[in-house]
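The values are calculated or read from the model by the stated rules, or taken from the named source; none is laboratory data. Predicted model only: the values in this text are computed from it and were never measured. Cβ: placed from backbone, ideal geometry, glycine included. Neighbour counts: every protein chain shown. For the accessible areas, the whole protein counts, side chains as well, though only heavy atoms, and no ligand, DNA or RNA atoms are used. Shrake-Rupley method; radii C 1.70, N 1.55, O 1.52, S 1.80 Å.
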Amino acid sequence: MIIDCHGHYTTSPKELDLFRQQQVALIDGGTRGTPTAPKISDDQLRESVEKAQLKFQRERGTGLTIFSPRASGMGHHIGDGAVSEAWAHVCNDLIHRLCALYPENFVGVCQLPQTPGVPPTNSIRELERCVKEFGFIGCNLNPDPSGGYWKDPPLTDRWWYPFYEKMVELDVPAMIHVSASCNPNFHATGAHYINGDTTAFMQFLTSDLFKDFPTLKFIIPHGGGAVPYHWGRYRGLAQDMKRPPLKELLLNNVFFDTCVYHLPGIELLTRVVPIENILFASEMVGAVKGIDPETGYHFDDTKRYIDAVKTLSEADRQKIYEANARRVFSRLDKQLAKRAA
Ligand SMILES: [Zn+2]
């Protein structure tokens, strides 16, 4: 089975957007309170994914998507903790319903109710709810809830530790994933996302986080941002700082996905990063939607690139497509067995 570890629900019915608009309008009007939850039928949910995520799964021959709410829609900079919590609830509930409708196609990963300047305590609650009640197998952790202004402590600060303790207890990894950019200097998916990935890696490199949490696991999406391309720089920086080699320092804990939208990028990724640390992903539908005129295929059809890398053995491909995801998302096997029973 081919497991796509990075897919978002970017095709939700308009009722979800209306809920969010009402929520924002209440904040702008200085009112506290939550709009009533959107009414969305199962048919609407089916319709929203049949011609999008499911169609691409079928066409591309990928089996299961590790599925989370739309990342750019998380908008952690909007409102306070209560607003983010209500929004995360609504979004995660929809993912849960889709996983129940399509148990062979989706398994859930949750959005967290983060807020700038607020320790991630309510995120602990939501993570627990999604893992224990819904059978989700991970979360998306935003390293910069301010949306491009980086106001909170680095991911390696003790500020985040209570949340990591819960991740370790529940045995779930986090994908490092920023949301929308509020800073006009940074285009969201073109700059802010890649900055977030690269910044998180450098934070890990300079800290002893994984000494404190030897089993904590992070996936850095979008192929690791600029990291694989600059692997020599990071190895050299670690050496200059008298840090251990990268393999020892963080490769038991940090993984990279394959959301890199051309063959030379995937070739570089698979040459530089150990195969054990690479998880198949496409981030469909949405980050880049179009068809590459040079190939005639969608940019985000990443399976084609992995299939085309000549230096990969079949055993390597099996690890990238399936085995690594099962190892990193350690609750996945149990969750799938439960569904099959
Ligand atoms: Zn994403």
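For the reader, a short list of remarks on this structure follows.
- Set Lys166/Lys289; Lys39/Lys334; Lys14/Lys55; Lys303/Lys334 screened for pairs whose C-alpha atoms are more than 28 Å apart: Lys166/Lys289; Lys39/Lys334
- Relative contact order for segment 261-321, counting Cα pairs under 8 Å that sit 6 or more residues apart, in percent: 47
- Accessible area per residue for the chain, computed on protein heavy atoms with a 1.4 Å probe, is 43 Å².
- Scanning the chain for DSSP H helices at least 24 Å long along the axis (C-alpha atoms) with a Kyte-Doolittle mean no lower than -0.5 picks out 81-101.
- Student exercise, the chain dipole from Lys, Arg, Asp, Glu Cβ charges, in Debye to nearest 20: 360
- If you wrap segment 1-111 in the convex hull of its Cα atoms and look at it from every side, the mean projected area works out to 6.7 nm².
- Shape analysis of segment 168-247 yields a ratio of the Cα radius of gyration to the Kirkwood radius, Rg/Rh, of 1.01.
- Dipole orientation for the chain: of the candidates Val285, Thr115, Leu312, Leu312 has the Cα lying most toward the positive pole (charges on Cβ; Lys, Arg +1; Asp, Glu -1).
- Cross-link reach is defined here as a Cα-Cα straight distance under 18 Å, omitting same-chain residues fewer than 8 places apart; for Lys338 the lysines meeting it are Lys132.
- Separation between Cα centres of segment 255-306 and segment 84-155, rounded to whole Å: 25
- Cα coordinate range in segment 145-193, projected on the principal axes (Å, largest first): 38, 19, 12
- Distant alpha-carbon pairs in segment 214-341 (separation over 26 angstrom), percent: 28
- Based on DSSP H segments of at least four residues, each scored -39500 (n - 2.57), the chain has a per-residue ellipticity at 222 nm of -11500 deg cm²/dmol.
- Protein accessible area in the chain, 1.4 Å probe - carbon and sulfur %: 53
- Ordering Val273, Gly63, Leu141 by the projection of their Cα atoms onto the charge dipole of the chain, which places +1 on the Cβ of Lys and Arg and -1 on the Cβ of Asp and Glu, puts Val273 at the extreme positive end.
- For the Cα trace of the chain, dividing Rg by the Kirkwood Rh returns an Rg/Rh value of 0.94.
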